[in-house]
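The values are calculated or read from the model by the stated rules, or taken from the named source; none is laboratory data. Keep in mind the model is a prediction, meaning the values are calculated, not measured. As a convention, Cβ positions derive from the backbone with ideal geometry for all residues, glycine included, and neighbour counts pool all protein chains shown. Remember, those area values only see protein heavy atoms, side chains included, never the ligands or the DNA or RNA. Shrake-Rupley method; radii C 1.70, N 1.55, O 1.52, S 1.80 Å.
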Amino acid sequence: MDRPNKHLIAIVLTFLFLTSSFPSTDVQSKNPAPETSHPIVIAHRGASGYLPEHTLAAYSIAILHGADFIEPDVVITKDRHLIVRHDNVLNLTTDVADRAEFSSRKRTKTVDGEAITGWFSEDFTLAEIKTLRAIERIPQVRPENAKFNGQFEIPTLQEVIELAKNMEKFTGHPIGIYPEIKHPTYFDHLHLSIEEPLVQLLRANGYETQQARVYIQSFEVSNLKDLRTMTTIPLIQLLGTGGQPYDVQQAGGSLTYAQMSTRTGLADIAVYADGVAPEKYHFLIPKDHADNLSLSHATKFVQQAHAVGLKVHPYTFRAENYFLPANFKKGHDPLALGNSENEMEIFLQAGVDGFFTDHPNIGVQARDNFLGKQHGGWRRIKPKKFER
Ligand code: G3P
Ligand code: CA
């Protein structure tokens with residue numbers, strides 16, 4: 001399945017409307033503990049290579065592409081609703097800047113140490129957010145996505161969960177959610193903490209245990225440690241490419257992401273988390289001076305993480321030539337799709353347990369081909385049971 005057209009999206013949205021009144025299922029009791037595992041494909045902000053990110057349409061397409069998990073980044077509104085956005089800065093991915101009624105809400109704030117001017121989720125109620133429409137974040141790289149600007153609402157996390165459950169019934173394919181808490185320390189200081197309502201909302205939807213089809217991720221540390229005392233849901237420590245987790249920096253601590261990626265650092269993470277999500281080139285396979293990628297340059301990160309029991313889910317695989325290493329580009333158009341599937345295969349060979357991708361259809365194909373080769377020939381992998 002390639003780029004979805006408007007017709008397909010209309011069908012998907014009609015389906016969502018028709019199924020929204022189905023009785024909800026208890027996904028955990030239907031799908032008990034995982035028995036085997038294969039690398040999971042995590043749709044990064046939905047099928048964001050094809051549609052504006054963090055929209056129900058982008059998540060629907062990701063599920064139809066066969067993703068195992070969909071990733072909602074989570075921020076919070078003034079009236080404490082969890083909404084699905086990568087940033088609390090709304091103008092990056094919504095039409096808020098064009099809305100005269102909100103012109104007076106423009107502010108300059110310092111978010112995680114960076115001065116930003118724009119419109120912020122914490123200054124809007126959910127009802128106000130619902131009047132906004134999503135726009136493409138990177139129209140210069142994804143002009144086709146920008147054709148969908150203005151068509152889709154900003155979803156709540158609850159709506160994303162309901163979508164996953166409804167589409168799971170429709171496709172028969174288990175679908176998990178992989179929420180990331182954005183700016184935890186920043187929101188704590190505003191008395192708009194995300195962790196508690198997130199756990200509450202997940203619990204209310206039947207996601208509560210190690211077996212639940214959910215991971216919670218964060219770039220910060222102290223909130224994950226707090227979450228460990230609040231829930232047994234698997235936790236993922238994100239690792240950034242430079243500097244320190246913002247909460248550590250705020251507290252005057254010395255811990256850096258570089259230290260966290262060492263053998264000792266990974267062992268420390270394993271005390272409170274179940275996995276790590278590292279940037280793929282920085283931690284796993286650095287590109288060479290000619291911008292080429294080769295398995296022979298793989299670090300020991302995956303083995304060291306596995307040695308302390310941590311899953312490894314690197315981010316983010318994007319299929320346009322613009323994002324690919326030199327030896328995986330195809331042709332000279334930076335906006336055309338390159339050999340992302342082959343790039344993904346290199347990381348699968350390095351032993352990752354899953355990966356985030358903007359192009360879940362390519363991710364599923366790469367994963368299935370990889371597993372097929374391991375089993376002596378190509379075969380489509382269609383899991384019937386939940387596999388973490
Ligand atoms: O959460 C995995 C990956 O999404 C981390 O980066 O900035 O896309 O949230 P970001
Ligand atoms: Ca994320």
remark   = Reported set for the range 322-372 where residues are of a type in the set (F, W, Y), within 24 Å of E53 (Cβ to Cβ) and open to solvent by 10 Å² or more (accessible area, probe 1.4 Å) is Y322, F323, F328
request  = Name every residue in the range 197-247 that is more than 16 Å from ligand 2 (Cβ to nearest atom), among the small types (G, A, S) and surrounded by fewer than 23 Cβ atoms within 10 Å (Cβ to Cβ), in order of residue number.
outcome  = A204, G206, S222, G242, G243
Residue in the range 282-292 that is least open to solvent (accessible area, probe 1.4 Å), counting only those that are within 17 Å of Q304 (Cβ to Cβ) and out of contact with any Leu (no Cβ under 7 Å at 6 or more places or on another chain) = L284
request  = Take the residues in the range 305-321 that are open to solvent by 10 Å² or more (accessible area, probe 1.4 Å) and more than 23 Å from V141 (Cβ to Cβ), then tell me which one is nearest to ligand 2 (Cβ to nearest atom).
outcome  = K311
key: Count of residues meeting criterion [buried (at least 16 other Cβ atoms within 10 Å of the Cβ) and not in a helix (DSSP H, G or I)] in the range 256-276   = 6
ask   = Within the range 151-172, is even one residue at pLDDT below 95 and either aromatic (F, W, Y) or in a loop (DSSP other than H, G, I, E, B) (or both)?
value = yes
task = Under 8 Å between Cβ atoms, at least 6 apart or on separate chains: pull out the pairs that start in the range 64-77 with a residue that is basic (K, R) and end on any residue that is more than 12 Å from ligand 1 (Cβ to nearest atom) and not in a loop (DSSP other than H, G, I, E, B).
result = none
query = For the subset of the range 217-246 comprising residues that are of a type in the set (S, T, N, Q) and in contact (Cβ under 8 Å) with a residue 40 or more places away in the chain, which member is nearest to ligand 1 (Cβ to nearest atom)?
reply = Q217
key: Which listed residue is within 24 Å of I216 (Cα to Cα), of a type in the set (D, E) and within 16 Å of ligand 2 (Cβ to nearest atom), from D353, D358   = D358
message = If I ask for residues that are open to solvent by 90 Å² or more (accessible area, probe 1.4 Å) and in a loop (DSSP other than H, G, I, E, B), which ones from the range 97-112 would you list?
response = K106
